[in-house]
1. Can you compute the equivalent ellipsoid semi-axes for the stretch 152-224, i.e. the square root of 5 times each eigenvalue of the Cα gyration tensor, sorted largest first and rounded to whole Å?
2. Could you state the accessible area per residue of the stretch 78-121 in Å², with a 1.4 Å probe and every protein chain left in place?
3. Give the ranking of 184, 84 by solvent-accessible surface, highest area first, calculated with a 1.4 Å probe.
4. Return the FRET efficiency for the residue pair residue 240, residue 168: r is the Cβ-Cβ distance, R0 is 41 Å, and the value is rounded to the nearest 0.05.
5. Could you tally the net charge around residue 235, taking each other residue with its Cβ under 15 Å from the Cβ of residue 235, Lys/Arg +1 and Asp/Glu -1?
6. Put 51, 214 in order of accessible area, largest first, 1.4 Å probe: what do you get?
7. Only sites in a loop by DSSP and with at most 16 other Cβ atoms within 10 Å count here; which GluC sites (Glu not before Pro) in the stretch 62-136 make the cut?
8. Between residue 52 and residue 74, what is the FRET efficiency for a Förster distance of 22 Å, r being their Cβ-Cβ separation, to the nearest 0.05?
Amino acid sequence: MNRPAPSPKDMPGADRPLPLRRLLVVGLLPAFAAACTTTGSMQMAEQPEPMSPQLAYYSDLYSEIDDNGTIIPAVDVAKFDRKYLRQVVDYPTNERVGTIIVDPYNRFLYLVMEGGQAMRYGVGVAKAGLEYEGDATIGRKARWPYWRPTPAMIAREPDRYGKLADGMEGGLTNPLGSRALYLYRNGEDTLYRLHGTNEQWSIGKSVSSGCIRMLNQDIMDLYNRVPTGSRVVVLGPNDARPAV
């Protein structure tokens, strides 16, 4: 016997309202969709530009150094004039390999290498009238050197240097920085130094009281490359070369 198909209202539960839980789920679906959309857009936010290979190289070269417990801060190379950062350059010269050539007028120090090249470092130099010029040798090397202002420095700036007349132990606040190379002529101390500095901003400028200052990372590199007795040539204005 054929039975008529049940009408919708005859279906089980057809006349019952949807459970509250199902209504909540249905109502929240647009909110969940919006939340996913928002999260997705946040994940797509712009990322910082990747560091260029050259900048990454210098950032690593001038990174923070732990020197037996003394932390030497990194150099912010992104804010630095890159011509004053350590690099190998063409530098033909008659000076023998291992000679240090200081060009205070262009703010560079060169360590002569083979094949007409040199390792070039940026330097800070003395104020006009306080320069050293000529030949010398490295008579002594020091790590975290002790420093004492010269009598001429004290006489020139007594308020600044008079209180330091007894000297200062080596350390991060010492004006000679992490390393120093002492220049001698005919066996006598010239009182001229190649040394580090914590004043990174001074590289490429004429600010010091008579010596050649370098970034601490650079003077440490130079210190490891040259032995005591190495020849040093400090150029005069007629011998200086523009940077290539």
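1. 20, 17, 12
2. 48 Å²
3. Per-residue accessible area, sorted high to low, gives 184, 84.
4. 0.80
5. With Lys, Arg at +1 and Asp, Glu at -1, the net is -2.
6. Output order, biggest surface exposure first: 51, 214.
7. 64, 95, 114, 133
8. FRET efficiency, residue 52 to residue 74: 0.80.
The values are calculated or read from the model by the stated rules, or taken from the named source; none is laboratory data. Because the structure is a prediction, the values reported are computed rather than measured. Note that each Cβ is placed from the backbone with ideal geometry, even for glycine, and that neighbours are counted across all protein chains shown. When the accessible area is computed, the model is the full protein with side chains, heavy atoms only, and any ligands, DNA or RNA have been set aside. Shrake-Rupley method; radii C 1.70, N 1.55, O 1.52, S 1.80 Å.
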